[in-house]
Each structure stands twice: as C-alpha cells, then as structure tokens.
C-alpha cells in the first residue's frame with residue numbers, strides 16, 4: 001500500500017496534547033492514529049525513554065503509522081479498534097502503566113475526502129463506509145438486505161433524523177428495482193425523501209452519519225473503549241476524548257460523570273463525597289475549537305474535548 005498522509009488537520013491539536021500532561025519518559029496511547037497528527041505532536045514531548053502506541057482500524061492509517069515507526073523507535077502501531085485497547089496494552093506488559101490515552105472519535109478528513117471509501121455524499125463512490133474495508137459488510141450490502149424497520153431505526157437513532165422512516169421506505173422501494181451501490185444514489189434518495197432542507201446541511205447528512213456509525217459499531221466501540229481505557233491507565237494517568245456529535249459526547253460526558261461520582265449510594269447516606277470511591281476527577285470544562293482553528297479547519301466546529309484523570 002502506498003503511504004499517503006493526505007491533507008489532514010488534527011482537531012484541537014494543542015489542547016488535546018496539553019490535556020495529557022505528558023511526562024517525558026511516560027507511556028501513551030493514541031487510540032485513533034488516523035494520519036498521525038496528534039501522535040507526532042505527542043512524540044515531540046517524549047524523551048528517548050518515552051513510548052507511544054498508535055491504534056487504528058484503517059489500513060491506510062496503519063501504512064502511515066508503520067512508516068513513522070520505521071523512523072522513530074519510540075512509536076509502534078497496531079491495527080485494531082480502540083475497543084481492543086486492553087489486549088494491545090496487555091500484550092506489551094503495560095497494564096496499569098499507561099500515563100495518557102487520546103481518543104479522537106469518528107471519521108477522519110482523509111476518509112471523507114477519498115471517494116472510494118464511501119463515507120461522503122459530496123463525492124460519488126462505492127457505498128462502503130467501513131473503517132476497515134477488509135472486515136464486516138459494506139453499507140451497500142447491509143442496505144440490500146436489512147428490513148425497512150431496522151433501516152429506519154438506525155437512521156432515526158444514530159442520525160437523529162426525524163424523517164428516518166420516509167428515507168428507509170424510499171431505500172427499500174428503490175432497491176427492489178435497482179441496487180443501491182453508490183454514495184450518490186443514497187444521497188439522492190435521502191434528498192428526495194426529505195420534505196425540507198436544514199440551513200447549511202444536506203438532507204443526506206444525518207443518514208450517512210447513522211449508517212456509518214452502525215456499520216462500524218462506533219458507539220459500542222466507544223463505550224467499550226472508555227471502560228478499557230480507565231482500566232489500563234496508571235493512577236494519575238489521563239484520558240482525553242474528542243467527540244464530534246451529540247451521541248458520542250453524551251456517552252463520554254455521562255461515563256465521565258458516573259466515574260467521577262463514585263459509588264451509587266442514596267443521597268441521605270452519612271458519607272462524604274470523597275468516601276464514594278470516585279475512579280476519576282474531571283479536568284476542567286469541555287473544550288471547543290477557537291476562532292483561529294475554525295478559520296482554517298471548519299470541520300472542528302462540532303468537536304468537543306473532555307478530560308479525566310484517574311484517581312484509583
């Protein structure tokens with residue numbers, strides 16, 4: 001595979017790396033390597049004794065990471081989901097020794113920009129949407145066989161699309177006469193089935209988001225990845241998560257708050273908050289991109305960074 005870094009601007013780069021409070025000789029994990037923007041910045045803060053592990057599902061990301069690993073012995077990469085973080089860490093004997101983990105959730109700019117990946121309705125291409133094209137079924141394959149009720153549920157639940165049933169019905173009616181195999185076909189169907197357009201948003205936006213999330217089990221991976229991240233962190237280690245839409249951010253926010261609260265005891269129990277065994281402390285408030293970053297990278301407008309530090 002040809003190594004290509006493509007044009008990718010890592011979101012909240014300085015804020016995310018600062019959130020990790022990097023120790024020069026520490027051990028860190030970039031659970032969503034992408035094209036290595038965050039990873040390279042982390043490496044600038046590490047001494048020769050520091051270590052950084054990158055994880056990613058995408059073969060194109062792995063190719064970039066392998067190229068980086070050849071030139072920097074502090075870095076290694078593994079092809080897997082961050083939902084398999086615990087196994088990757090245990091294999092290296094790093095359980096409970098990780099000083100920081102960064103998760104940058106969702107689809108990357110190169111994936112959106114490469115028509116053949118099928119993530120974007122802005123460029124016509126095969127309707128794939130898999131983070132790892134070698135695993136699982138494509139979006140086209142799923143849409144060809146799924147029940148209308150299941151398609152509607154996915155679009156309404158993962159895309160928060162109120163016209164999900166109408167779009168699902170259009171998909172099923174169309175596939176009976178003509179297979180839906182390209183991004184343009186799906187985008188046109190969503191457009192025609194939507195009664196009106198949201199300002200500055202294509203009618204297919206939520207549908208594409210929903211199907212992509214479902215095909216890649218993104219929310220399930222996020223839930224699992226958060227749990228495993230806290231398990232492998234050292235005491236004092238930090239977990240920083242960048243999310244891009246409300247479904248992701250709600251999961252992260254809720255999980256962090258639950259872990260910061262500690263034991264779930266009735267409010268009338270005579271016990272201090274610090275005796276509830278909180279696993280983490282919240283570090284600051286949610287961080288969003290500033291005006292300068294938005295001016296050069298509009299895709300950062302929906303990014304939210306949340307940070308916790310492990311207490312026990």
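The values are calculated or read from the model by the stated rules, or taken from the named source; none is laboratory data. Please read all numbers here as calculations on a predicted model, not as lab measurements. When we count neighbours, we look across all protein chains shown, and the Cβ atoms used for this are built from the backbone with ideal geometry, even at glycine.
Table: residues versus (1) in a helix (DSSP H, G or I); (2) surrounded by fewer than 16 Cβ atoms within 10 Å (Cβ to Cβ); (3) touching a strand residue (DSSP E or B) at 6+ places or on another chain (Cβ under 6 Å); (4) free of Cβ contacts under 8 Å to residues at least 60 places away in the same chain.
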position	(1), (2), (3), (4)
133	no, no, no, no
165	yes, no, no, yes
172	yes, no, no, yes
177	no, yes, no, yes
185	yes, no, no, yes
188	yes, no, no, yes
210	yes, no, no, yes
227	yes, yes, no, yes
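Is the range 1-17 home to any residue that is in contact (Cβ under 8 Å) with a residue 24 or more places away in the chain and part of a strand (DSSP E or B)? Scanning the range 1-17 turns up no residue that is in contact (Cβ under 8 Å) with a residue 24 or more places away in the chain and part of a strand (DSSP E or B). Annotation note: of 123, 199, the sole residue that is outside the structural domain of residue 249 (by TED's automatic domain parsing), at pLDDT below 95 and out of contact with any helix residue (DSSP H, G or I) (no Cβ under 9 Å at 6 or more places or on another chain) is 199. Taken over the range 88-109, the residue count meeting the criterion of being closer than 15 Å to residue 54 by Cβ and not in a strand (DSSP E or B) is 6. Can you find a residue in the range 217-235 that is more than 18 Å from residue 115 (Cα to Cα) and over 24 Å from the mean Cα position of the chain (by Cα)? Yes, some residue in the range 217-235 is more than 18 Å from residue 115 (Cα to Cα) and over 24 Å from the mean Cα position of the chain (by Cα).
Among the residues making up the range 18-41, those that are without any contact (Cβ under 8 Å) to a residue 60 or more places away in the chain and assigned to a loop (DSSP other than H, G, I, E, B) are 24, 25, 33, 36. Hey, can you tell me all the residues within the range 229-260 that are modelled with pLDDT of 95 or more and outside any helix (DSSP H, G or I)? Within the range 229-260, 233, 234, 235, 236, 237, 238, 239, 240, 241, 242, 243 qualify.
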